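Read through the structure below, which is laid out as structure tokens, and then see the notes.
A short reminder: the numbers here are calculations on the coordinates, not readings from a lab. Quantities reported herein were computed from a predicted structural model and do not represent experimental measurements. Methodologically, a virtual Cβ is constructed for each residue, glycine included, from the backbone with ideal geometry; neighbour enumeration extends over all protein chains shown.
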Amino acid sequence: MEHNLGQESGPGADKSRVLNVKPLRTLVPVFPSPSNPSSSSTPQGGAPFVCVSPAGPFPSGVAPFYPFFVSPESQRLSEQHAPNATPQRATPISTAVPINSFKTPIAATNGDVGSSRKNKGSRGGQLTGEDGYDNEVIDLEDGTGDGSSKQRKKRGRAKRASGAGTAGSGASAVTIEVDLDAVANDILQTINPMVFDVINHPDGSRDSVSFTLMIYEVLRRKLGQIEESTKDANSGAKRPDLKAGTVMMTKGVRSNSKKRIGIVPGVDVGDIFYFRFEMCLVGLHSPSMAGIDYLGSKASQEEEPLAVSIVSSGGYEDNTDDGDVLIYSGQGGVNRDKGASDQKLERGNLALEKSMHRGNDVRVIRGLKDVMHPTGKVYVYDGMYRIQDSWVEKAKSGFNVFKYKLVRVQGQPAAYTIWKSVQQWTDKSVPRTGVILPDLTSGGEKVPVCLVNDVDNEKGPAYFTYIPTLKNPRPVAPLESSAGCSCIGGCQPGNFNCPCIQKNGGYLPYSAAGLVADLKSVIHECGPSCQCPPTCRSRVSQGGLKFRLEVFRTNNKGWGLRSWDAIRAGTFICEYAGEVIDNARAEMLFAENDDEYIFDSTRIYQQLEVFPADIEAPKIPSPLYITAKNEGNVARFMNHSCSPNVLWRPIVRDNKNESDLHIAFFAIRHIPPMMELTYDYGTNLPLKAGQRKKKCLCGSVRCRGYFC
DNA sequence: CTATATCAGAGGTAT
DNA sequence: ACCTCTGATATAGGT
């Protein structure tokens with residue numbers, strides 16, 4: 001909540017006390033106090049914020065865009081305290097449904113469940129009917145326009161699973177059939193139809209790309225969650241990434257489906273991806289595996305193939321020493337059965353050759369190892385490169401390999417070089433410049449959080465004490481039984497006897513990679529009463545910081561928060577630490593208008609309405625107010641944005657006969673390193689006594705103009 | 001923890 | 001039909 005220039009130094013804040021010395025876990029100064037008061041923040045005297053007229057909440061020229069955002073009226077959080085109110089939604093599929101809800105209807109056991117291909121003649125890519133569910137029709141264009149080219153084998157997708165049902169369905173083993181296509185269809189049915197209009201626009205947009213990726217993530221995680229909880233012992237490798245991707249392709253839920261040379265609308269240089277399919281779905285790079293994407297001789301008006309994009313991710317002996325130059329290896333020369341051979345000037349190799357001669361630049365994606373997830377990769381879109389040279393050389397194998405020298409086009413935003421810089425800071429070969437404090441947590445977290453200013457002369461935020469966790473977790477009446485679980489080795493997917501899994505609708509709340517499976521209104525974690533170890537997958541938010549964050553000086557928003565490490569969508573980042581206060585104290589602080597660090601769970605916030613069911617989220621058991629003015633963690637530095645990349649969710653943890661309530665922040669999109677972390681502060685209308693609207697400086701095209 | 005093995009895959013191009 | 005700088009899991013090796 002450092003959004004306002006110098007606002008962190010309130011009226012009572014003595015400038016000389018900025019960064020006072022305090023014991024462990026307290027902000028410690030490493031420099032003398034500024035002697036020149038002019039470098040200090042603006043004093044509190046005048047109105048620090050531009051107040052927006054109540055008549056015009058949106059800046060002129062920017063119309064409210066309700067199809068994708070929930071209108072403030074419809075999103076107002078209920079402030080009634082209904083402790084046990086977690087009504088089942090009437091939507092076709094709620095965010096969490098016990099698996100037996102997905103039992104394939106008898107009508108759908110025709111061996112082609114969920115596939116729209118065979119039904120193309122009558123229904124094309126419509127999202128309904130095939131699964132036997134009688135859902136409202138959402139008419140989707142089938143982006144392929146060709147339903148018969150692929151006749152895939154349809155194996156019965158039914159899975160067997162043994163184990164007790166969810167609470168109330170008894171403990172007898174049941175055979176559960178799960179049709180993932182039907183599940184996927186149900187999820188797609190819950191999407192706001194207007195979202196598809198944006199996605200299907202022939203020219204992509206940031207929204208189109210963003211929505212596509214959000215839907216893909218929801219599908220992928222949900223399918224993975226279901227699959228892991230229903231798989232039997234000897235089931236083979238599962239690929240929810242492919243399954244979700246196929247569904248999206250089949251239904252035409254993709255952006256920029258027309259392949260093109262040059263930039264891709266809606267995809268920014270520096271954007272990151274965690275699956276090849278993501279790049280495929282947004283039109284950045286089509287092949288699901290191959291490294292070179294090109295227009296065939298038919299597709300390009302010319303008689304020759306032309307390259308459009310390449311992925312360099314370690315499969316060949318590429319050279320990436322220079323951040324702006326890439327020596328890329330051609331494709332081919334390796335065959336599982338026949339062994340190594342010379343590469344030929346065909347396919348992608350030929351296309352790159354032709355593109356070089358015609359001077360057509362190509363998109364470059366660099367695949368890197370994901371340090372947070374060593375088994376996985378992260379793909380960085382590094383923008384346009386010019387093919388400057390090509391030659392043939394002998395690889396280590398002794399066979400000929402094509403090589404292409406690509407040079408990055410000037411004038412593009414930094415992307416891969418940011419990753420290189422972070423790497424250099426990490427291995428200490430180059431120092432991070434502008435560091436004021438190497439670790440403002442003073443060891444309070446497992447990873448240091450540095451304080452950086454390479455913008456102006458501000459020496460640091462106002463004094464506060466760093467605490468890593470919420471001080472007085474607010475006990476709430478347990479929604480159900482508060483008895484913890486007895487999963488000695490940690491809660492396991494598919495164990496429907498685990499009470500914690502039952503509370504999450506039959507699933508673990510987090511994937512094996514630690515991502516939230518879905519952003520349901522309340523996430524139930526294991527708590528002190530549970531017997532599972534701290535490594536339990538249901539304790540993700542209790543592990544402290546994982547990312548190397550830094551508090552940095554923004555250009556115009558005071559201090560902000562960002563990460564050296566890339567953050568994958570769905571990842572827990574931190575909780576909101578501070579001091580829990582009651583309603584009366586919160587009202588008082590609001591009235592004094594002197595606390596910029598109040599977390600207020602009752603604020604209305606604007607949220608992407610991709611899944612309208614999210615309108616009601618988050619349902620918090622009771623209002624929660626936290627002040628982080630005097631004590632807090634990194635969350636207090638997160639600024640507001642009307643197009644945020646972070647979202648909060650309430651976490652409930654069992655603790656004897658009560659439950660502890662925490663606020664956890666999750667990434668809602670992939671966040672490249674060094675990009676500011678922001679969430680939607682929301683609005684509090686009508687304003688509480690003494691409260692003022694604050695001018696929003698997020699710069700988003702959707703900026704509401706204010707927050708409060 | 002890092003490296004290697006295994007293998008079922010997907011869309012796209014070419015045949 | 002053929003190709004391919006995947007990705008999850010398993011196993012072996014190293015520190």
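Some notes on this structure:
- Segment residue A:345-residue A:592, extension gain: residue separation times 0.36 nm, minus the distance between their alpha carbons: 81.6 nm
- Violating pairs (Cα-Cα greater than 18 angstrom) within the set A:557/A:693; A:222/A:259; A:459/A:546: A:222/A:259; A:459/A:546
- Theoretical gain in end-to-end length, residue A:268 to residue A:392 [0.36 nm per residue, Cα-Cα removed]: 41.4 nm
- Where a label projected 7 Å from the Cα of residue A:446 along Cα→Cβ would reach, residues of region A:544-567 with amide N under 16 Å: A:544-549, A:565
- Spacing of the two label points (7 Å from each Cα toward its C-beta) at residue A:288 and residue A:420, in nm: 3.4
- A Förster radius of 30 Å combined with the Cβ-Cβ distance from residue A:469 to residue A:585 puts the calculated FRET efficiency at roughly 0.90.
- For region A:291-429, the gyration tensor built on C-alpha atoms gives an oblate shape. Its axis ratio a/c (a ≥ b ≥ c) is at least 1.5, and a/b is not larger than b/c.
- Rounded to 0.05, the FRET efficiency of the residue A:454 and residue A:258 pair, given R0 = 35 Å and the Cβ-Cβ distance, is 0.25.
- For residue A:239 and residue A:435, a Förster radius of 41 Å and the Cβ-Cβ distance give a FRET efficiency of 0.45, rounded to the nearest 0.05.
- Neighbours of residue A:535, meaning other residues whose beta-carbon lies under 15 angstrom from its beta-carbon, give a summed charge of +3 when Lys and Arg score +1 and Asp and Glu score -1.
- Beta bridges per DSSP, both residues in region A:273-379: antiparallel share near 70 percent.
- Restraint check, A:238/A:258; A:428/A:471; A:354/A:394, Cα-Cα greater than 24 Å: A:238/A:258; A:428/A:471
- Neighbour-count order for A:679, A:510, fewest beta carbons within 10 angstrom listed first: A:679, A:510
- Estimated vicinal HN-Hα couplings, Hz - region A:663-671 in sequence order (Karplus 6.51, -1.76, 1.60; Gly, Pro = x): 10, 10, 9, 10, 6, 9, 8, 5, 10
- Ranked by how many other Cβ atoms sit within 10 Å of their own Cβ, fewest first, the residues A:282, A:364 fall in the order A:364, A:282.
- When each of A:334, A:311, A:422 is scored by the number of other beta-carbon atoms lying within 10 Å, the sequence from fewest to most is A:334, A:422, A:311.
- Between residue A:205 and residue A:688, residue separation times 0.36 nm minus the direct Cα-Cα distance comes to 170.1 nm.
- The GluC sites (Glu not before Pro) of region A:615-688 include none that meets both conditions, a loop assignment by DSSP and at most 10 other Cβ atoms within 10 Å of the site Cβ.
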